[in-house]
1. Work out the FRET efficiency for residue 301 and residue 36 from their Cβ-Cβ distance, taking R0 = 45 Å, and round it to the nearest 0.05.
2. With each pseudo-label sitting 7 Å past Cα toward Cβ, what's the residue 20-residue 279 distance in nm, one decimal?
3. What is the spin-label model distance, in nm, from residue 248 to residue 289 if the labels are put 7 Å beyond Cα along the C-beta direction?
4. Using r as the Cβ-Cβ distance of residue 240 and residue 261, and R0 as 45 Å, what FRET efficiency do you calculate, to the nearest 0.05?
5. For region 103-309, what size does the Cα cloud have along each of its three principal axes, sorted from largest down, in whole Å?
6. Could you give the length gained on full extension between residue 209 and residue 126, defined as 0.36 nm per residue of separation minus the Cα-Cα distance, in nm?
7. Relative to the compact-globule scaling 2.2 N^0.38 Å, provide the ratio for the alpha-carbon radius of gyration of region 110-174.
């Protein structure tokens with residue numbers, strides 16, 4: 001295989017016209033605006049290297065014909081060509097146990113990897129791994145699409161990329177629809193995957209917050225998280241994943257209550273006694289109780305201000 005350098009990433013139409021392509025996928029925006037048919041993109045990986053297998057085999061055959069005289073000693077070049085031909089033969093007959101896929105060109109895969117790396121505190125890698133072993137439920141589809149939307153939003157900010165931003169918005173819209181469908185089923189609404197999907201919707205609004213409506217949407221998602229945590233009950237606290245998600249997402253609910261001057265749901269403040277609780281978790285629970293008291297104080301002050309004005 002001979003390396004041929006980095007090929008052009010433009011679509012076939014733009015390359016034929018010799019103009020710069022914006023490389024938007026699945027179709028080029030320049031072609032769309034000009035009302036031209038976008039001919040699509042080439043497989044970049046296959047263009048990086050040129051297969052010289054046939055040429056090498058031909059060289060070996062030519063060498064065998066010219067060197068049929070057994071008395072002539074083999075040259076260094078001849079030995080090198082024969083070794084190369086043998087290597088080509090071995091590579092051509094290799095079998096792979098997994099399908100070869102160019103992950104570098106899959107933006108959804110990149111976004112998912114970035115999410116799992118950046119938001120390890122949410123501890124959803126085990127949920128993602130489990131979802132790969134069977135047909136996805138509605139909650140799992142919502143979670144995976146939500147993860148992709150957050151990852152793409154981060155990629156859009158990192159690269160200042162409009163195509164990534166458009167893709168992230170599309171994934172967010174799909175995740176919102178799937179999440180609403182999962183919430184219609186009471187059992188599916190209690191699953192970790194559905195709760196993770198709502199958390200991803202909230203994260204997306206935080207990352208893409210550029211106007212007041214985004215802040216309001218984030219608060220509505222925080223309220224949804226609070227409702228799901230209450231619906232899941234004490235059972236979630238007896239599982240490691242459920243407990244970690246409860247502790248992390250409870251903090252987001254608390255931030256929303258402080259910002260909007262509303263009371264914290266009582267079931268999220270006073271958690272039942274856990275035999276395996278650590279000093280760190282005890283301090284975290286106490287801090288939540290103190291902050292929840294501040295929420296109550298804000299509400300009381302607002303109510304008294306309204307009463308005094310009347």
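Since every read-out is calculated from the coordinates, none of them should be taken as a lab result. Note that the structure is predicted; figures quoted are calculated from it, not measured. Because the Cβ atoms are built from the backbone with ideal geometry, glycine has one as well, and the counts that use them run over all protein chains shown.
1. Efficiency computed from Cβ-Cβ geometry: 0.10.
2. Going from the residue 20 label point to the residue 279 one covers 6.0 nm.
3. Taking the two extended label points, one gets 2.6 nm.
4. 0.85
5. 59, 45, 33
6. Residue separation times 0.36 nm, minus the Cα-Cα distance, leaves 27.0 nm.
7. Rounded to two decimals, the normalised Rg is 1.12.
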